[in-house]
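Asks: I'd like to ask you about the structure that follows.
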Amino acid sequence: MTDLEQSRLLKTEIPGPRSIELGRRKTAAVSHGIGTTMPVYCTRAAGGIIEDVDGNRLIDLGSGIAVTTIGSSSPRVVDAVRDQVGDFTHTCFMVTPYEEYVAVAEHLNRLTPGSGEKRSVLFNSGAEAVENAIKIARSYTGKQAVVAFDHAYHGRTNLTMALTAKSMPYKSGFGPFAPEVYRAPLSYPYRDGLVDKEMGTNGELAAERALSVIDKQIGAANLAAIIIEPIQGEGGFIVPAPGFLPELLRWCRDNNVVFIADEVQTGFARTGAMFACEHEGIEPDLIVTAKGIAGGLPLSAVTGRAEIVDAPHVSGLGGTYGGNPIACAAALATIETIELGGLVERAQQIEKLMKDRLGRLQADDDRIGDVRGRGAMIAVELVKSGTAEPDADLTKRLTAAAHAAGVVVLTCGTYGNVLRFLPPLAISDDLLTEGLDVLAQALSDL
């Protein structure tokens, strides 16, 4: 870790003058299709703090959207990357391979749920890995159709936009999309429970609803894969009711359908387990990982049952940069940091601290409709007082107030009314508590 002081400090208003000037340069030079959550420009980051170009120190409750899980500029990652850059930066694994790629695959095969023989293949981004998981499933089954779920987010490439549920800002105006993609109802305990209490708590019942749609509208004979986030990310940090995922997996095994778990946001200790599937005791056929895999460097993977991952013909999978040696070195250091640093247990501690505090807030303020999530992946769903109607405006104003006070928070959800928290596991309890204090004060002021 750098010597960056782990305390919040506001030297200027947010944004400060140097960030404003950089914002002008961005407007002139960068596509207007790129949005930013906060108009501040980072110069250093470590632990639970981001420092901007004006010297402001912000509490980081976003981790670069769940990427810097072990903290930005984590010492082992910094050292591993420096060493690898000195050795070589690229050869392309498909031309002259190298040990670092193989070692990452070995670790993924060891760490992911499932005791049978496994294989892994490496890529650059979550979306790229999702697309390749679909390719693998189609190759293995000889079938084409794919089912994703309500509120799902799987990426911004053409196929992954088709899998993603939300139109704005991810899909609008970018079609036509890849064919043979279908959608089924998710288990959404908070909203399901408003209509049917049993549906809100009984995951098997919610799975029956989804499988009925799948049977009627697609049919198992045509279906290559079901893809699902064990805890939804952009969709609102929705944790399905217990039994939902196991029932879907059972049906897939009975019908020669590949079960793909998209653990891009939930993987690598984020949820208080190495992978979120472990909370439900399931062993997916394929697991897609990215984000927290390499301490901030671009890397992703598909890992799964050997017979499935080996199904594509030789050279059917790959890519010029997939499994870049620098990213692989960072991944090996990240995995070592998680395991030696007890970061799975740290995520569990963060969950307890956050849920205790947010639960007390919810008891005093009926605008907090739901508090949910696991580990260091926690969300509050905001509603209009006395109702369950989503309040996107309150969410926007609360986020703006937190940002102005020097706390980085993110929003999500189909209805734009979910505040999501993804603190780095390296954050201190004091910083985390202070960030929640700022949020509570802002909510009270509003």
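Asks: With (1) under 25 Å from VAL264 (Cβ atoms); (2) assigned by TED's automatic domain parsing to the domain that holds ALA327; (3) out of contact with any Asp or Glu (no Cβ under 9 Å at 6 or more places or on another chain) as the list, and ARG82 as the residue in question, which single condition is left unmet?
Replies: Just one mismatch for ARG82, condition (1).
Asks: Does any residue in the range 64-92 that is closer than 21 Å to GLY126 by Cβ come within less than 6 Å, Cβ to Cβ, of a residue that is among the aromatic types (Phe, Trp, Tyr) six or more places away or on a different chain, and which pairs are these?
Replies: As it stands, the answer is THR69/PHE268, since those pairs meet every condition given.
Asks: Scan (1) among the β-branched types (Val, Ile, Thr); (2) outside the structural domain of PHE421 (by TED's automatic domain parsing); (3) surrounded by fewer than 24 Cβ atoms within 10 Å (Cβ to Cβ) for the single condition VAL130 breaks and write down its number.
Replies: Result: VAL130 fails condition (3) only.
Asks: Grab the helices (runs of 4 or more DSSP H) fully contained in the range 264-347, keeping just those with 2 or more residues being over 20 Å from the mean Cα position of the chain (by Cα) and either outside the structural domain of PRO246 (by TED's automatic domain parsing) or modelled with pLDDT of 95 or more (or both).
Replies: In the range 264-347, 306-309, 325-340 are the helices (runs of 4 or more DSSP H) which contain 2 or more residues that are over 20 Å from the mean Cα position of the chain (by Cα) and either outside the structural domain of PRO246 (by TED's automatic domain parsing) or modelled with pLDDT of 95 or more (or both).
Asks: Which residues, taken from the range 40-68, are part of a loop (DSSP other than H, G, I, E, B) and within 21 Å of LEU439 (Cβ to Cβ)?
Replies: VAL40, GLY47, GLY48, ASN56, LEU61, GLY62, THR68
Asks: Could you tell me how many of the residues in the range 403-415 are surrounded by 23 or more Cβ atoms within 10 Å (Cβ to Cβ) and in a helix (DSSP H, G or I)?
Replies: 0
To keep it simple, each residue is scored yes or no on (1) free of Cβ contacts under 8 Å to residues at least 60 places away in the same chain; (2) among the hydroxyl-bearing types (Ser, Thr, Tyr); (3) over 28 Å from THR411 (Cβ atoms); (4) surrounded by fewer than 23 Cβ atoms within 10 Å (Cβ to Cβ).
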| site | (1), (2), (3), (4) |
| --- | --- |
| ARG138 | no, no, yes, yes |
| ALA145 | no, no, yes, yes |
| ALA152 | no, no, no, no |
| ALA178 | yes, no, no, yes |
| SER187 | yes, yes, no, no |
| GLY200 | yes, no, no, yes |
| LEU211 | yes, no, yes, yes |
| LYS216 | yes, no, yes, yes |
| GLN232 | no, no, no, no |
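Asks: May I pose another question? Going residue by residue through the range 419-434, is there one that turns out to be polar (S, T, N, Q), more than 26 Å from GLU13 (Cβ to Cβ) and not in a loop (DSSP other than H, G, I, E, B)?
Replies: no
The values are calculated or read from the model by the stated rules, or taken from the named source; none is laboratory data. Remember, predicted model here, so these are calculated numbers, not experimental data. Every residue, glycine among them, receives a Cβ derived from its backbone with ideal geometry; neighbour counts consider all protein chains shown.
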